[in-house]
1. Inside the stretch 8-40, can you point out the residues that are under 11 Å from the mean Cα position of the chain (by Cα) and under 19 Å from F57 (Cβ atoms)?
2. Enumerate the pairs (first residue in the stretch 1-30 and over 15 Å from F72 (Cα atoms); second residue anywhere and modelled with pLDDT under 95 and among the aromatic types (F, W, Y)) with beta-carbon separation below 8 Å, excluding pairs fewer than 6 apart on the same chain, so at least 6 apart or on different chains.
3. Consider L24 carefully, then state whether it is touching a helix residue (DSSP H, G or I) at 6+ places or on another chain (Cβ under 6 Å), assigned to a strand (DSSP E or B), hydrophobic (A, V, I, L, M, F, W, C) and modelled with pLDDT of 95 or more.
4. What number of residues within the stretch 41-63 are out of contact with any Ser or Thr (no Cβ under 9 Å at 6 or more places or on another chain), within 18 Å of Y78 (Cα to Cα) and either surrounded by 15 or more Cβ atoms within 10 Å (Cβ to Cβ) or among the acidic types (D, E) (or both)?
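The values are calculated or read from the model by the stated rules, or taken from the named source; none is laboratory data. Remember, predicted model here, so these are calculated numbers, not experimental data. Here the Cβ is made from the backbone with ideal geometry for all residues, glycine too, and neighbour counts use every protein chain on show.
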Amino acid sequence: MTSLNFDLNFDRTHWICSNSDVSLRADSLENLDAKIKNYLQKKYKKGNFKVKMFFDFDRFPLWMRQYMAHYFNRELTYQL
């Protein structure tokens, strides 16, 4: 299984996940997940992937400060 790590941010209207290779934006986490899958399909064609997203607390929206940053860390698996 291939592991990929991303930073996860929110900019008032869009969720953004990025690493040194790519930056993806979407208006919802569901749409962001679909963009990640599409990126994996284009870059790798097939395989098993574990995608980890770690929320960048320095960019944590003020209205979410009442929550802990680890609540926004995500881990997804894809089989292509």
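1. Of everything in the stretch 8-40, those that are under 11 Å from the mean Cα position of the chain (by Cα) and under 19 Å from F57 (Cβ atoms) turn out to be L8, N9, F10, W15, I16, C17, S18, N19, S23, L29, L32.
2. T2/Y44; R25/W15; A26/W15; D27/W15
3. Numbers: touching a helix residue (DSSP H, G or I) at 6+ places or on another chain (Cβ under 6 Å): yes; assigned to a strand (DSSP E or B): yes; hydrophobic (A, V, I, L, M, F, W, C): yes; modelled with pLDDT of 95 or more: yes.
For L24, the condition - touching a helix residue (DSSP H, G or I) at 6+ places or on another chain (Cβ under 6 Å), assigned to a strand (DSSP E or B), hydrophobic (A, V, I, L, M, F, W, C) and modelled with pLDDT of 95 or more - is met.
4. The first filter runs over the stretch 41-63 and keeps only residues out of contact with any Ser or Thr (no Cβ under 9 Å at 6 or more places or on another chain), leaving 41-43, 45-46, 53-63.
Retained after the next criterion (residues that are within 18 Å of Y78 (Cα to Cα)): 41-43, 45-46, 53-54.
Cutting the leftovers down to either surrounded by 15 or more Cβ atoms within 10 Å (Cβ to Cβ) or among the acidic types (D, E) (or both) gives us 53-54.
Total satisfying the criteria: 2.
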